[in-house]
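Since every read-out is calculated from the coordinates, none of them should be taken as a lab result. Quick caveat: nothing in here was measured; it's all calculated off a predicted structure. Note that we place each Cβ from the backbone using ideal geometry, even for glycine, and neighbour counts take in every protein chain shown.
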Amino acid sequence: MKKLTIVASLLLALSATTFAQTWNVDKAHSRLSYAVNHMGISESEGAFRTFDAKITSSKDDMSDAVIEVTADINSLSTDNEMRDKHLKSADFFDAEKFGTLTFKSKSFKKVSGKNYKLVGDLTLHGVTKTVTLDAVFNGTATNPMNKKVSAGFKFTGTIKRTDFGIGASMPVAMLGDDVKILGNAEFVKE
């Protein structure tokens, strides 16, 4: 009887344990982009065409999520080939030397409702800084096409390009220091 009680207790403890789930980015329904002020009169926008991201979480509300993102700097596109080439040069991103952007979260905390604060380490241009982003977790839905569960997120925030040594010789009057980050992403539960 004692063995049966121990086995039953172990089974009950295992069934109560929540296992982490992995969610991979659905690249067809996701975008990683930025905007920066140009000459004080407009915003110049760009996006990374090649990126990957995943979330690991054991909670339905994702409040324990670990978020990891990588982006290929050489995939940066502003829809202007001459500007893209200049941005990838040593004057800005120096893609030949620093070809990858990475982000790994330290925390993903619920603020209220669907709103969260995402804190993590961003490595860009060879510099790593802790950044805080606003996040909205739009919930989950089952995709009727592939029958898989997807989760939707929007991430926004602002970083300073000079903190990362990007365009250091570019005057702020020409190109703003504040860079808005925008990520809209769907993740598929594996």
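Considering only the stretch 154-184, how many residues are free of Cβ contacts under 8 Å to residues at least 40 places away in the same chain and in a strand (DSSP E or B)?
8
Within the stretch 28-44, can you find the residues that are out of contact with any Ser or Thr (no Cβ under 6 Å at 6 or more places or on another chain) and in a strand (DSSP E or B)?
Within the stretch 28-44, Arg31, Leu32, Ser33, Tyr34, Ala35, Asn37, Ser42, Glu43, Ser44 meet the criteria.
If you check Phe51 against the conditions, is it within 21 Å of Thr22 (Cα to Cα) and touching a helix residue (DSSP H, G or I) at 6+ places or on another chain (Cβ under 8 Å)?
yes
Could you please find all residues in the stretch 102-126 being under 21 Å from Ala151 (Cβ atoms) and not in a strand (DSSP E or B)?
If the condition is that a residue be under 21 Å from Ala151 (Cβ atoms) and not in a strand (DSSP E or B), then Gly113, Lys114 are the ones that fit.
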